[in-house]
Amino acid sequence: MSEIFGYIFLIAYLVALTYVTFYCLMSFHLLYNYKKSHWNDLGPKDQELEKNDFPFVTIQLPIFNELYVVERLIESICEFDYPKDRFEIHVLDDSNDETVIITRKKVAEYKAKGFLIEHIQRADRVGYKAGALKAGMKYAKGKFIAIFDADFLPKKNFLKKTIPFFKNKKVGVVQTRWEHINEDYSLITRLQAFQLNVHFRVEQVGRKAGNYMLQFNGTAGVWRRECIDDAGGWEADTLTEDLDLSYRAQLNGWEIVYLENVGSPAELPAEMNGLKSQQHRWMKGGAETAKKMLPSVWKSNLNFGQKVHASLHLLSSSVFLFVFLIGISSVPLIFYFGILKINAGYFAFFLIGLLSIIAIYYTANVHAKNNGDSYIKSLIKFMFLFPVFLALSMGLSLHNSIAVLQGYWGKKSPFVRTPKFAISSGSDSVNNKKYLAEKIPMTTILEGLLAIYFFAAVIGAIYYENTTFIMFHILLMLGYGTICYYSIRHLRLK
């Protein structure tokens, strides 16, 4: 009986490890495509608008209770160096707090200055962000629709940098790269930037270079209105309406242009519970979209390689399920090594996955990043941040796994937006601000218990002189412990 349990843990561990390794290798393939794109200079070249040819653009700003950032958002949009009579601004405001008053006043201020700006409210919040965008379409006069979330501060030349790419009639979306206003605010913001740089540097470019499916990232991009309509419009049956519509549009033959060299600054979540709400929405929505769109992907005319990459893209949130399973099963597995006569050295093969991830993150955060730091300084930062990033990513695996499972099970939940607090420098604070979480959820308690679980595994490894997984368990202990600690520390005190 003891051996049966041992084999169960071993099979669970190997299946999970194999999936994660395969996922890492496919990500490394995107890195290869990224390198190929830069070696051969395959990226999109800057384009200019023809003289006096300024297509009319609708700019949609979907917001919900954003009293700290809504004013700077509107001010930023109104600084665009696009002819003032060739774009309109629609603030799609679903707020139910003082944000409504602040927004109404700011809209009136700029309307008096001659801007085509409207404050649009709904009687209810049906469909959340997707519902607001869909409802806003009936007021939009633009041939092109630019979308910005409340925390973005796009640059003045945003429209002049993006609109020219629509000269190609097949282009349905132009997406820009996210930049980070408050990257150096804290360890939490540094680690988020560390991860997002991979998506916006390596993955998006790699997918485009390999002719794979891309995605609109929900903000800091422009849609051709005809493309939205042709793909079926915004739908609220997933929490990642942006990924969903991106796939429907591409399966209908539309193309997405990704502009790596056009940055759009935004504020990163500065506290743990806001980060968790964002992760929950992305992970659960990713699972919902995978469930919805995978059948269409495999029935499509895409080639086999495109279907595989599209599947892994849609299933990317599911990797947390396997990371969680690897961690949980590795502890009892230690005690079965002797019984099952397992040579732990065989697991060294799977280090190829770790090496792939190191290469990807190095490229995105050291080689490709251009923030004024010297190479040595960037490398030192990378050497510190990478193990910390691994630890906290594994520490989020319980929280994210629950979100993924809810997505696949079809459990419905509201669109919980990520609160932003106009954080840009170290002197800014989120302490006791409105929108902070006020209760400790069960997930946070479980994360604390898992930190204890892996602490016990580390002590047991030392006591029994079996240190096969000790570094892995130390990272898991620190990851879960840190996530639990900051989740409690960042609660709003009453």
Look through the stretch 179-228, keep the residues that are in contact with a Pro (Cβ under 8 Å, 6 or more places away or on another chain) and not aliphatic (A, V, I, L, M), and return whichever of them is nearest to residue 36 (Cα to Cα). 179
I want to confirm something. Restricting to the stretch 63-106 and keeping residues that are surrounded by fewer than 21 Cβ atoms within 10 Å (Cβ to Cβ) and of a type in the set (A, V, I, L, M), which single residue is farthest from the chain's Cα centre (by Cα)? 101
Of the conditions (1) outside any loop (DSSP other than H, G, I, E, B); (2) in contact (Cβ under 8 Å) with a residue 24 or more places away in the chain; (3) of a type in the set (Val, Ile, Thr), the single one that residue 468 does not satisfy is (1)
Can you name the residue in the stretch 227-247 that is under 18 Å from residue 131 (Cβ atoms) and touching a Gly at 6+ places or on another chain (Cβ under 6 Å) and, of all such residues, is surrounded by the fewest Cβ atoms within 10 Å (Cβ to Cβ)? 236
Would you confirm whether any residue within the stretch 360-383 is farther than 18 Å from residue 190 by Cβ, of a type outside the set (A, V, I, L, M, F, W, C) and crowded, with 21+ Cβ neighbours inside 10 Å? no
Quick one: in the stretch 17-68, of everything that is of a type in the set (A, V, I, L, M) and part of a loop (DSSP other than H, G, I, E, B), which residue is nearest to residue 256 (Cα to Cα)? 42
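Listed here are the residues, each with its yes/no results for (1) over 30 Å from residue 342 (Cα atoms); (2) part of a helix (DSSP H, G or I); (3) of a type in the set (Phe, Trp, Tyr); (4) free of Cβ contacts under 8 Å to residues at least 40 places away in the same chain.
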| residue | (1), (2), (3), (4) |
| --- | --- |
| 401 | no, yes, no, no |
| 406 | yes, yes, no, no |
| 430 | yes, no, no, no |
| 436 | yes, no, no, no |
| 448 | yes, yes, no, yes |
| 452 | no, yes, no, yes |
| 462 | no, yes, no, yes |
| 477 | no, yes, no, yes |
| 488 | yes, yes, no, no |
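Listed here are the residues, each with its yes/no results for (1) surrounded by 20 or more Cβ atoms within 10 Å (Cβ to Cβ); (2) under 30 Å from residue 70 (Cβ atoms).
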residue: 413; (1), (2): no, yes
residue: 430; (1), (2): yes, yes
residue: 478; (1), (2): yes, no
residue: 484; (1), (2): yes, no
residue: 491; (1), (2): no, yes
State whether the residues of the stretch 290-297 include one that is within 23 Å of the chain's Cα centre (by Cα) and among the charged types (D, E, K, R). yes
Which residue, of 163, 117, is more than 27 Å from the chain's Cα centre (by Cα) and either crowded, with 20+ Cβ neighbours inside 10 Å or within 26 Å of residue 180 (Cα to Cα) (or both)? 117
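Just so you know, all these numbers are worked out from the coordinates, no wet-lab data involved. Fair warning: this is a prediction, and the values are worked out from it, not measured in the lab. Every residue, glycine among them, receives a Cβ derived from its backbone with ideal geometry; neighbour counts consider all protein chains shown.
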